[in-house]
Amino acid sequence: MYSELKNQLVKYSHRSYDKEFVSMTSGNISVRTPDDKGILIKASGVCLGDASEQDYILVDWYGNYAGKKKPSIEINFHLGIYKVRPEINSVIHLHPPHCIALSIASDKFPLVTLTAKKTIGKIPMVPVLEPGSGELAQHVIESFAQNQDSTAVVLKEHGIVTIGQDLTKAFYIAELLEHEAKICLLLKHLK
Ligand SMILES: [Zn+2]
């Protein structure tokens, strides 16, 4: 079931790993199912670079799932974001190194290119909180709820969460954010 969506999840999982947006088993990707039963999300403990279709599990809106595999530890913010942003169908959480470096150096994520300013909008920054915690999930969900134009949130010392109408759009935002972070860091060398 959902084979086309799972195929897309595998494609963007591998792409995220190949572009070094994650290491080891970090990062998680999900999509809303077309029948709105819940979401398909990566199982916990699976490397995005090695993920295959059976590593994506169906979780309903109450957090229930079948089978032995557990959903990613960040399941709570994934489920919550879809509820406060009904127009989106995909959530991507990654650890891109340049974005993380900027989140440590500054409390504000600067957008320097015209493309990013037009495409990404405001980027709320979530304080340092334990990965997988209820507190982190609450901050991420509130950030997307209170900033309905935002397509990205930065987690200080941790990573990014991007959203989109589909997987491709959510991934492009993540890619653009990391590209922007690289330019910001290059600019620091020129100044
Ligand atoms: Zn993480």
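The values are calculated or read from the model by the stated rules, or taken from the named source; none is laboratory data. Worth saying up front: this structure is predicted, and the values here are computed from it rather than measured. Heads up, the Cβs are rebuilt from the backbone with ideal geometry, glycines too, and the neighbour counts pull from every protein chain shown.
Residue count for segment 63-81 satisfying the condition of being touching a Gly at 6+ places or on another chain (Cβ under 9 Å), within 21 Å of S13 (Cβ to Cβ) and not charged (D, E, K, R): 7.
With respect to the conditions (1) within 16 Å of the ligand (Cβ to nearest atom); (2) crowded, with 22+ Cβ neighbours inside 10 Å, N89 lacks only one, and its number is (1). Mind listing whichever residues of segment 13-39 are within 16 Å of the ligand (Cβ to nearest atom) and not in a loop (DSSP other than H, G, I, E, B)? S13, S16, Y17, N28, I29, S30, listed by residue number.
Each row is one residue, and each column tells you yes or no for (1) of a type in the set (G, A, S); (2) in contact with a Lys or Arg (Cβ under 7 Å, 6 or more places away or on another chain); (3) closer than 22 Å to K182 by Cα.
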residue	(1), (2), (3)
G27	yes, no, yes
D36	no, no, no
G45	yes, no, no
Y62	no, no, no
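Per-residue answers, yes or no, for (1) part of a loop (DSSP other than H, G, I, E, B); (2) modelled with pLDDT under 95; (3) within 15 Å of the ligand (Cβ to nearest atom); (4) closer than 14 Å to G121 by Cα:
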| residue | (1), (2), (3), (4) |
| --- | --- |
| D149 | yes, yes, no, yes |
| V153 | no, no, yes, yes |
| E157 | yes, no, yes, no |
| I163 | no, no, no, yes |
| L176 | no, no, no, yes |
| H179 | no, no, no, no |
| L186 | no, yes, no, no |
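Among the residues making up segment 40-99, those that are hydroxyl-bearing (S, T, Y), outside any strand (DSSP E or B) and either in contact (Cβ under 8 Å) with a residue 40 or more places away in the chain or at positive phi (or both) are S52, S72, Y82.
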